[in-house]
Amino acid sequence: MSETATAEVGGEQADSGNAEEPTAAPGVLRRLWARREWILVILGGLALAVALTWPTMRDPRHTVPGDIGDPALFAWQIAWGGHALLTDPWHLWDSNTFYPDTYSLAFTDTVLGYMPFGMIGSGMDDAVLRYNILYVLLHALAFIGAYALTRQLGAHPLGAAVAGIAWAFAPWRLAHAGHMNVISTGGIALSLAMIARGHGWSLRRGHRPERHSPWWALAGWLVAAWQITLGLAIGLPFAYVMIGLCLVVAGFYGWARWRRGRAPFGRRLLVADLAGGLVFGAATLYMGIAYSRIVELHPQADRGLNWTEMYSPPWRGLFIAPESSWLWGARHAGARADLMWPPEMALLAGVTLIALATVGLFVSVFRVRHRVLLALGVVVAVVLTLGATLPGNGDPGYLTLSKHLPGWAALRTPGRMTLWSSLLLAVLAAGAVSAFVAQAKSIAPWRSGVLARGKFVVLRLALLIPLVLVTVEGVNRTAHPEVLRYPAAMAAAQEPILVLPSGGSLEMSIMLWTTNGFPRIPNGVVTFVPAAQERIRSISQTFPDRTSIDVLRAYGIKSVVVLPEWLGGTPWAGVPDRPVDMLGITREQIDGAILYRLG
């Protein structure tokens, strides 16, 4: 990429973002200033991410944000991916969990794109540390991506900063602190920014052919492809959005050739789009094939539309914050209690963001027709977010897409579509704040006397209010519990190992424990129960007896680790009191756990 392209990514005019400002400054100085802007944006994004996810980095080897369920699962996923890439990449999908099943990594949404980071470090402590670092970085990337997108669309740096914080740290995200696949969205905004930059397009100045850059377009498609590998829960709607954008651009391309007699952009940019689109399509297909394979092997994994109906949020959920919101959590407790499943139905994008976006419909640096299109996009996203709670049970709407678009039926939580409405709201808000900046700059203090100078200073300070408000709304009070301690009995056991009790959220911690060496285990938890796991769980309820031991040996199980402190209220509660005489196995107490060796 050229120096000029590097200096201008994400901004109309990298020195200020205001198209009305003079551009007579020497090119070298402008490029230096542009680079300084992006260095500050990256460093500021990292600082914001550390601060607004605090105390994630206070004890990153032993605690995780949210709860010890899903974070343990994703920490294991990333660690397994790194292990597989280093040892046997051809069997990446055949993880060490859900033994003896294959393709088990695809049993649930998978953050495949983070797995190269799993090659750094080893063991459980490093897996937890790695997860926490990525948790902070994904928030920083979301801020940087939204900043770059709104700058490219024509926003002033202040407007872009407001949009970046409002989107990256929106209250609704706090309900998904443990869902790394849901909050990993930075690649969406960043790829859109890069592709728009490559095509020389913005909301403020429209299409400018002189700013075409095939390399930026290609880079944007590659980032989009990487985003797809962070899970299809968010990636599949993104893929359909990109398909829709491609159809619009193709229509524009064809219309321009027919009406004007020439293409709107040259062959190099077209080749970059085709090459990038092929990579993006291949990544989507790769992920899709893996998950479709699971439905073939395990028909019970196919989710009916009743899941979508059950998890569809009511309209009032759009204005309710999750419990972990510092500003709104306690204030919205009563309203949240009326929601069937608050983690997927408390969808507040931010009071400040909604207010600024509303103002942005009427006062903005963006053109009126673009504001109207953004508003229509918000309406469509909100309709999809509400799922089956709309009149007609979401048909037409979310359920219509579930019936006709490949893969959409697997997206059982319509509320996650709120990321799209909040992104469009952020763009509208950026336009409004940029208009405020332009109005403040129209008062020239050096021309209008002392009174005007005072008014100018007050206005400049007032411009910081939206920035402060969206930051305050992003402050969390997310719990950061300690991960469960690794049982020493697992280190002494010969694999494959069955850990009892089996079932529930404890399974995610068991999966995390296996990052110490990756022994094969039949344990694991997803939204369905594989037949082999169901059989092992059922027969192990009478363990240790002759029948259960024979079946476990037939499956290849060498060891059984029993955790007495977790047995209460489970079908395995009586296991420690059962004799092992004459069964051909041994029993050993190790640091509060019991290890059975099946030989």
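When Ala25, Ala47 are screened for being open to solvent by 40 Å² or more (accessible area, probe 1.4 Å), among the hydrophobic types (A, V, I, L, M, F, W, C) and modelled with pLDDT of 95 or more, only Ala47 passes. Scanning region 493-516 for residues that are of a type outside the set (Gly, Ala, Ser) and out of contact with any strand residue (DSSP E or B) (no Cβ under 9 Å at 6 or more places or on another chain) returns Met508, Met511, Leu512, Thr515, Asn516. Within region 93-109, the set of residues being under 22 Å from Gly178 (Cβ atoms), modelled with pLDDT under 95 and part of a loop (DSSP other than H, G, I, E, B) comprises Thr108, Asp109.
What about Arg520, is it among the charged types (D, E, K, R), part of a loop (DSSP other than H, G, I, E, B) and either at pLDDT 95 or above or open to solvent by 20 Å² or more (accessible area, probe 1.4 Å) (or both)? Criteria met by Arg520.
Inside region 314-334, residues that are open to solvent by 40 Å² or more (accessible area, probe 1.4 Å) and either in a helix (DSSP H, G or I) or of a type outside the set (A, V, I, L, M, F, W, C) (or both) make up a count of 7. Among the conditions (1) modelled with pLDDT of 90 or more; (2) open to solvent by less than 90 Å² (accessible area, probe 1.4 Å); (3) within 23 Å of Ile234 (Cα to Cα), the only one that Gln300 does not satisfy is (1). Across region 523-550, what is the number of residues that are touching a residue at least 24 places away in the same chain (Cβ under 8 Å) and open to solvent by 50 Å² or more (accessible area, probe 1.4 Å)? Total meeting the criteria: 5. Residues in region 551-599 that are over 17 Å from Gln494 (Cβ atoms) and acidic (Asp, Glu) were compared, and the one that is most open to solvent (accessible area, probe 1.4 Å) is Glu565.
The one condition from (1) assigned to a loop (DSSP other than H, G, I, E, B); (2) more than 13 Å from Leu423 (Cα to Cα); (3) of a type outside the set (Val, Ile, Thr) that Arg371 does not meet is (1).
Scanning region 569-586 for residues that are outside any loop (DSSP other than H, G, I, E, B) and in contact (Cβ under 8 Å) with a residue 24 or more places away in the chain returns a single hit, Val575. Taking each residue of region 152-176 that is more than 14 Å from Ala321 (Cβ to Cβ) and open to solvent by less than 10 Å² (accessible area, probe 1.4 Å) and looking for partners that are of a type in the set (Phe, Trp, Tyr) and assigned to a loop (DSSP other than H, G, I, E, B) with beta-carbon atoms closer than 7 Å, six or more apart or interchain, yields Gly154/Phe366. Under 6 Å between Cβ atoms, which residue pairs at least 6 apart in sequence (or on different chains) link something in region 237-254 that is surrounded by 15 or more Cβ atoms within 10 Å (Cβ to Cβ) with a partner that is at pLDDT 90 or above and part of a helix (DSSP H, G or I)? As it stands, the answer is Phe238/Ile188; Ala239/Thr284, since those pairs meet every condition given. Give His91, His83 a once-over and let me know the one that is out of contact with any Pro (no Cβ under 9 Å at 6 or more places or on another chain), touching a residue at least 60 places away in the same chain (Cβ under 8 Å) and open to solvent by 50 Å² or more (accessible area, probe 1.4 Å). Being out of contact with any Pro (no Cβ under 9 Å at 6 or more places or on another chain), touching a residue at least 60 places away in the same chain (Cβ under 8 Å) and open to solvent by 50 Å² or more (accessible area, probe 1.4 Å) holds for just one of His91, His83, which is His83. When you look at Asp15, is it at pLDDT 95 or above, at negative phi and charged (D, E, K, R), yes or no? It is false that Asp15 is at pLDDT 95 or above, at negative phi and charged (D, E, K, R).
Screening Arg205, Arg197 for residues that are open to solvent by less than 30 Å² (accessible area, probe 1.4 Å) and charged (D, E, K, R) leaves exactly one candidate, Arg197.
So, Leu512, is that one within 30 Å of Leu52 (Cα to Cα), touching a Phe, Trp or Tyr at 6+ places or on another chain (Cβ under 6 Å) and either at pLDDT 95 or above or not acidic (Asp, Glu) (or both) or not? Yes. The condition (being out of contact with any strand residue (DSSP E or B) (no Cβ under 6 Å at 6 or more places or on another chain), of a type outside the set (S, T, N, Q) and modelled with pLDDT of 95 or more) is satisfied by just one residue among Arg597, Arg587, Arg553: Arg553. Number of residues in region 491-515 that are part of a helix (DSSP H, G or I), more than 13 Å from Val525 (Cα to Cα) and within 31 Å of the chain's Cα centre (by Cα) equals 1.
The values are calculated or read from the model by the stated rules, or taken from the named source; none is laboratory data. Please read all numbers here as calculations on a predicted model, not as lab measurements. We place every Cβ from the backbone using ideal geometry, glycine too, and count neighbours over all the protein chains shown. Accessible surface areas use protein heavy atoms only, side chains included; no ligands, DNA or RNA. Shrake-Rupley method; radii C 1.70, N 1.55, O 1.52, S 1.80 Å.
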